[in-house]
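This is the structure I want to talk about, given as structure tokens.
The values are calculated or read from the model by the stated rules, or taken from the named source; none is laboratory data. Since we're looking at a predicted model, the values are computed, not measured. Please note: Cβ atoms are built from the backbone with ideal geometry, for glycine as well, and neighbour counts cover all protein chains shown.
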Amino acid sequence: MMIKPLADRVLIQPKEAETKTASGLYIPDTAKEKPSEGKVLAVGPGKKDEPMEVKVGDEVIYGKYSGTEVTVDDVKYLIVKQSDILAIL
């Protein structure tokens, strides 16, 4: 099943949360931060007055609590508006 975003929406696959610190300590599930980076999998056609600036394959940073989480075949995705994307890496 393929998800096709509408208007100025973007489908993102979030990166996995870090399980270990740089010094080698393991982070418990309760202390993991919600990821705010991901890869763009699909983009909508945009709006008449707002063309799409991101494209499929871009690595992006988005707002921590933005978007709607969707699970398809046990894989978590995030649908956000283009305006919720803060930067392209």
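Which of the following residues is free of Cβ contacts under 8 Å to residues at least 24 places away in the same chain, on the phi > 0 side of the Ramachandran plot and over 13 Å from the mean Cα position of the chain (by Cα): D49, D74?
Only one candidate qualifies: D74.
This table checks each residue for (1) surrounded by fewer than 10 Cβ atoms within 10 Å (Cβ to Cβ); (2) farther than 13 Å from I85 by Cβ; (3) modelled with pLDDT under 90; (4) not small (G, A, S).
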| position | (1), (2), (3), (4) |
| --- | --- |
| P14 | no, no, no, yes |
| Y26 | yes, yes, yes, yes |
| K34 | yes, yes, yes, yes |
| E37 | no, no, no, yes |
| K55 | no, no, no, yes |
| Y62 | no, no, no, yes |
| S66 | no, no, yes, no |
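Let me ask something else about it. Here's a check for you: in the range 1-12, which residue that is part of a loop (DSSP other than H, G, I, E, B) and closer than 16 Å to K39 by Cα is modelled with the lowest pLDDT?
Only one residue fits best here, namely M2.
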